[in-house]
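Single-structure report; data block below.
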Amino acid sequence: MAAAMLALAIATSASAAPAASPEPLQEGRCALQQGQVRLALASLEQALAAAAPGELRARAAAALGQAQLRLGRLDEARSLLDDARAGLRQPRERAAVALDLGHWHLARRDAAQAEAAYRMALDDAPADTEVALAVELNRLRLPGVDPAARLTRLEVASQRLGALATAELRARHALDVAAQARPLGPAGQALAQAQLDAARMAAQQALDAAPAAAPEAARIGHALLAEADDGLGALAELQGRTGDARRHSEHGLRHAQHADEAELTMQLEWRLARLARAAGEDAAALDAYRRAVAHVEAIRVDMPVRYVDGRSSFRETLEPLYLGLTDLLLRRAAQAPAAEQPGLLYQARETVELIKQTELQDY
């Protein structure tokens, strides 16, 4: 979704976190990594308010700035990121803030300034393999990159993943390569398949290596496995391999539920709903559609709203889910016994009302 580009910056800054972060800052970072952005805000604002001037305050400002950026609050994010950059001394941490500043400029549709910020990240940590790879993958998202050149550069980037320090990092970056390669035709899909397979293997290694006393490490492993299976399911659906699409989506759903990843769970349920409906399994499709919509409603407050040509990002990306559920409810009502029709029609009307409420909230 909209947060895909930010994932590298989150991973980079998380890897830079000191082992003994104070409680509110650590809690905020964990919530941010789990996608609970508004929950993270409370902890990070507390951490910033309690911190004395210095590097600890700069770290809190960096994390809070990232949270505001993910919510689309660009004015608040910019001042926090500038403060963080002024107070940080560690190269990796400064580079992470520079990456976020690049994303800030890109949100303002200023590709030239985004490129300048990404160069600044390289200058901050010139010998850091992870930073260099993160910068390259973010640069490839800038507008104006020729598709053939993008594919070639993604292939080169994929060959550098083995130099990353941990299985978790290899999985995260392989997922990013795959996401960017998939739209680039058959050759891009082949690269995406290879990287998703590699990401799944690395994620399983990360999960297997997670200490029994570290539930957060296990949660990250499950989340990465869910992302890999979601990507494999999306690719299989695109290629018409419905059996593989369903198998990967069911596997991913189990991992997403282990990791308590509501947004991933929603995406996987939605795909299972589409696949079941295409197979004529309307009852299974209806159940999956309902579960997917329930998950959307649970995470609505953490989804940033952006506008392009007068339409919100929520309407562009998720309105089809609500309309799919509405259409299926209406079709079921048309075929149902008279006693069941009022209930199905009521559910269809309530789903349409959710779309209207969302439009009003976005406004």
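The values are calculated or read from the model by the stated rules, or taken from the named source; none is laboratory data. What you see is a predicted model, and the numbers here were worked out from it, not measured in a lab. Neighbour counts run over all protein chains shown; Cβ positions are idealised from the backbone, glycine included. These area figures cover heavy atoms from the full protein model, side chains too; ligands, DNA and RNA do not enter into them. Shrake-Rupley method; radii C 1.70, N 1.55, O 1.52, S 1.80 Å.
The peptide list 199-208, 126-135, 45-54, put in order of mean Cβ contacts within 10 Å with the highest first, becomes 199-208, 126-135, 45-54. Computed about its Cα centre, the charge dipole of segment 179-272 is approximately 280 debye, with only Lys, Arg, Asp and Glu carrying charge at their Cβ. Over the chain, accessible surface divided per residue gives 45 Å², non-protein components excluded, 1.4 Å probe.
Here residue 247 sits with roughly 100 square angstrom of accessible surface, probe radius 1.4 Å.
Dividing the summed -39500 (n - 2.57) terms of all DSSP H runs of n ≥ 4 by the residue count of the chain sets its mean residue ellipticity at 222 nm at -26000 deg cm²/dmol. Listed values for segment 144-150 are Karplus-derived 3J(HN,Hα) couplings in whole Hz (6.51 cos²θ - 1.76 cosθ + 1.60, θ = phi - 60°), namely x, 7, 4, x, 5, 5, 4, and x replaces Gly and Pro. Counting heavy atoms of the protein chains alone, residue 332 has an accessible area of about 80 Å² for a 1.4 Å probe. Considering the values (i) 31.4, 103; (ii) 21.8, 66; (iii) 21.2, 71, which represents Rg and Dmax of the Cα atoms in Å as calculated for the structure under consideration? Derived directly from the coordinates: (iii). Cβ-Cβ distance of residue 341 and residue 242, R₀ of 25 Å, FRET efficiency by 1/(1 + (r/R0)^6): the value works out to about 0.25. Quick one: 3J(HN,Hα) in Hz for segment 23-40, Karplus 6.51/-1.76/1.60 with θ = phi - 60°, rounded, Gly and Pro as x. Running phi through 6.51 cos²θ - 1.76 cosθ + 1.60 with θ = phi - 60° gives 3, x, 5, 5, 4, x, 5, 5, 4, 5, 5, 7, x, 8, 5, 5, 5, 5 Hz. Our compactness index for segment 122-214, the C-alpha radius of gyration over the empirical 2.2 N^0.38 Å, is 1.14. Give the calculated FRET efficiency between residue 257 and residue 316 to the nearest 0.05, with a Förster radius of 25 Å applied to their Cβ-Cβ distance. The value I calculate is 0.40. What the phi angles of segment 216-223 give under the Karplus curve with 6.51, -1.76 and 1.60, with θ = phi - 60°, is a coupling list of 5, 5, 5, 4, 5, x, 5, 5 Hz, glycine and proline written as x. Dipole of the chain computed with +1 at Lys/Arg Cβ and -1 at Asp/Glu Cβ about the Cα centre; of 333, 280, 344, farthest Cα towards the positive end is 280.
Peptide packing for 86-92, 139-145, 228-234 was compared via the average number of neighbouring C-beta atoms within 10 Å per residue; ordered from the highest value, the list is 228-234, 86-92, 139-145.
Under a Cβ-Cβ cut-off of 11 Å, what is the net charge of the residues other than residue 233 that fall near it, where Lys and Arg count +1 and Asp and Glu count -1? Result for the local shell: -1.
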